[in-house]
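**Student:** Here it is, the structure in full.
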Amino acid sequence: MQIAVLGAGSMGHGIAQVSAMAGHDVVLRDIEAEFVEDGLEGIRENLQGGVDRDKLSEDEMEAALERIEGTTDLAEAVDDADLVVEAVPEDMDLKQEVFAEIEDAASEDTVIASNTSSLSVTEMASALEHPERAVGLHFFNPPHIMDLVEIVIAEQTDERTEAFAVDYVRGLEKEDVVVRDTAGFATSRLGLALGLEAIRMVEQGVASPADIDEGMEIGYGHPMGPLELTDHVGLDVRLHIAEHLREELGERFKPPQSLRRKVRAGNLGKKTGEGYYVWEDGERVGMSGEWGGEE
Ligand SMILES: NC(=O)c1ccc[n+]([C@@H]2O[C@H](COP(=O)([O-])OP(=O)(O)OC[C@H]3O[C@@H](n4cnc5c(N)ncnc54)[C@H](O)[C@@H]3O)[C@@H](O)[C@H]2O)c1
């Protein structure tokens with residue numbers, strides 16, 4: 001199958017990589033040649049990492065690389081594509097513009113997918129003349145490691161498009177869950193509900209961040225507790241999604257005060273060195289100030 005991936009950033013280059021690994025021919029498109037080159041370099045590094053860890057052979061790496069081309073030309077990318085996956089920044093106007101551009105340049109039965117993590121695919125699809133071919137393919141970061149893809153069914157998505165998306169995801173040897181297009185889909189909504197409640201529990205002094213996280217890790221088998229996960233994702237990102245879900249789904253997603261306070265103070269989690277924990281060189285070294293630092 002011929003696949004175009006638009007946007008060669010964190011997600012786009014990974015989606016191009018897993019598609020090529022599954023045997024598809026891929027064109028990766030970004031708006032500047034240097035972004036395309038960065039994306040291709042990211043793919044080379046990931047694949048080389050796989051070879052170093054004996055996950056794939058040199059030959060498999062070379063074959064995958066040969067199946068991927070880069071371009072800045074939209075028409076060249078989508079012209080022969082059976083599937084176009086957009087992974088451009090999370091902005092509804094931009095996504096709608098990109099959807100309409102794809103439809104102008106692609107053939108009539110090309111499936112048009114968005115990797116959005118929170119926006120309405122139904123709203124994006126409304127920019128198309130044939131919206132029944134739109135679908136959400138929500139990959140997780142990084143796509144070459146994470147096994148799940150949420151397939152998001154917009155109001156307009158028809159059965160052919162849904163079946164196509166399921167086949168594509170299974171062909172990547174990933175697990176699919178099919179969800180209706182609602183705010184936060186299935187994963188972000190549940191993950192955030194847990195994260196916000198954990199933050200409220202910290203605010204109420206129920207237990208320390210480390211004890212709450214350990215409770216979920218050991219008691220419930222979660223690989224990472226909700227507060228550490230919040231630090232990984234970024235407090236700013238979680239606040240933004242909470243505000244969106246509050247607007248769409250109600251007050252139960254109201255962002256807790258400490259989340260707002262920390263974001264205002266620039267304490268955004270692992271990337272800035274402090275969130276609910278303190279981080280040094282990417283390692284968790286203690287809890288944030290009000291918990292005295294000690295775990
Ligand atoms: N980063 C994550 O953890 C994550 C996880 C799941 C889904 N997503 C979603 O994936 C999408 C992309 O996120 P990202 O983190 O890869 O962003 P990013 O900023 O790393 O990459 C976006 C890329 O798109 C390019 N771009 C901008 N306009 C374009 C256009 N018109 N055509 C082609 N390329 C264009 C940019 O130059 C940039 O290289 C967003 O919708 C985001 O919500 C992100």
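The values are calculated or read from the model by the stated rules, or taken from the named source; none is laboratory data. In this text, all values refer to a predicted model and were calculated from it rather than measured experimentally. All Cβ positions, even for glycine, are placed from backbone atoms using ideal geometry, and neighbour counts span all protein chains on display. For accessibility, only protein heavy atoms count, side chains too; no ligands or nucleic acids. Shrake-Rupley method; radii C 1.70, N 1.55, O 1.52, S 1.80 Å.
**Student:** If the only charges are +1 at each Lys and Arg Cβ and -1 at each Asp and Glu Cβ, what is the size of the charge dipole of the range 141-222 around the Cα centre, to the nearest 20 debye?
**Tutor:** Taking the Cα centre of the range 141-222 as origin, the dipole is about 120 debye.
**Student:** On the Cα set of the range 60-104, report Rg and Dmax in Å, please.
**Tutor:** 12.9, 39
**Student:** Can you compute the helix-only [θ] at 222 nm over the chain? Use -39500 (n - 2.57) per DSSP H run of at least 4 residues, normalise by all residues, nearest 500 deg cm²/dmol.
**Tutor:** -13500 deg cm²/dmol
**Student:** Still on this structure: Express as a percent, rounded to the nearest 5, the fraction of DSSP beta bridges in the chain (both residues included) that run antiparallel.
**Tutor:** Values: 10 of 36 bridges.
That works out to approximately 30 percent antiparallel.
**Student:** To the nearest 20 debye, what is the magnitude of the charge dipole of the range 194-278 about its Cα centre, counting +1 on the Cβ of each Lys and Arg and -1 on the Cβ of each Asp and Glu?
**Tutor:** So the magnitude is around 360 debye.
**Student:** Which residues among the range 237-269 fall inside the zone where the amide N is under 20 Å from a point 7 Å beyond the Cα of Arg180, along Cα→Cβ?
**Tutor:** Residues passing the 20 Å test: 245-253.
**Student:** Which semi-axis lengths, in whole Å and largest first, follow from the square roots of five times the eigenvalues of the Cα gyration tensor of the chain?
**Tutor:** Ellipsoid half-lengths, sorted descending, are 35, 23, 17 Å.
**Student:** Please give the Cα centre distance for the range 193-245 versus the range 41-110, rounded to the nearest Å.
**Tutor:** The range 193-245 and the range 41-110 have Cα centres spaced 34 Å from each other.
**Student:** Length gain on complete extension for the stretch Ala33 to Val51, per 0.36 nm per residue less the alpha carbon to alpha carbon distance?
**Tutor:** Working: separation 18, 0.36 × 18 = 6.48 nm, distance 2.70 nm.
Computed gain between Ala33 and Val51 is 3.8 nm.
**Student:** Report the relative contact order of the chain, percent, no decimals, based on alpha-carbon pairs under 8 angstrom and at least 6 residues apart.
**Tutor:** Normalised by residue count, the contact order of the chain is 12 percent.
**Student:** Moving on. Per 0.36 nm of contour for each residue apart, how much would the distance between Ala163 and Leu148 grow if the chain were fully extended, relative to their Cα-Cα spacing?
**Tutor:** Residue separation times 0.36 nm, minus the Cα-Cα distance, leaves 3.7 nm.
**Student:** For the range 19-50, list residues with backbone N below 19 Å from a point placed 7 Å from the Cα of Glu173 toward its Cβ?
**Tutor:** Zone members listed by number: 19-26, 43-50.
**Student:** Contour minus end-to-end for Asp59 and Asp281, with contour as 0.36 nm per residue of separation and end-to-end as the Cα-Cα distance? Mind showing how you got there, number by number?
**Tutor:** Working: separation 222, 0.36 × 222 = 79.92 nm, distance 3.49 nm.
Working it through step by step, the gained length comes to 76.4 nm.
**Student:** While we're here: Hey, if you put +1 on the Cβ of every Lys and Arg and -1 on every Asp and Glu Cβ in the chain, which of Ser114, Leu259, Leu190 ends up farthest toward the positive end of that dipole?
**Tutor:** The Cα lying farthest towards the positive end belongs to Leu259.
**Student:** On to the next question. Work out the length of the dipole vector of the chain about its Cα centre, built from +1 on the beta-carbon of each Lys and Arg and -1 on the beta-carbon of each Asp and Glu, and round it to the nearest 20 debye.
**Tutor:** About 1540 debye.
**Student:** State in Å² the accessible area per residue of the chain; use a 1.4 Å probe, count heavy atoms of protein chains only, and round to the nearest integer.
**Tutor:** 48
**Student:** Test of understanding: express the Cα radius of gyration of the range 95-224 as a ratio to 2.2 N^0.38 Å, with N the residue count.
**Tutor:** 1.30
**Student:** Distance from a point 7 Å along Cα→Cβ of Asp80 to each backbone N in the range 8-32: keep the residues under 17 Å and list them by number.
**Tutor:** 20, 23-29, by backbone N distance to the label point.
**Student:** With all protein chains present, how much of the accessible area of the chain (probe radius 1.4 Å) comes from carbon and sulfur, to the nearest whole percent?
**Tutor:** 46
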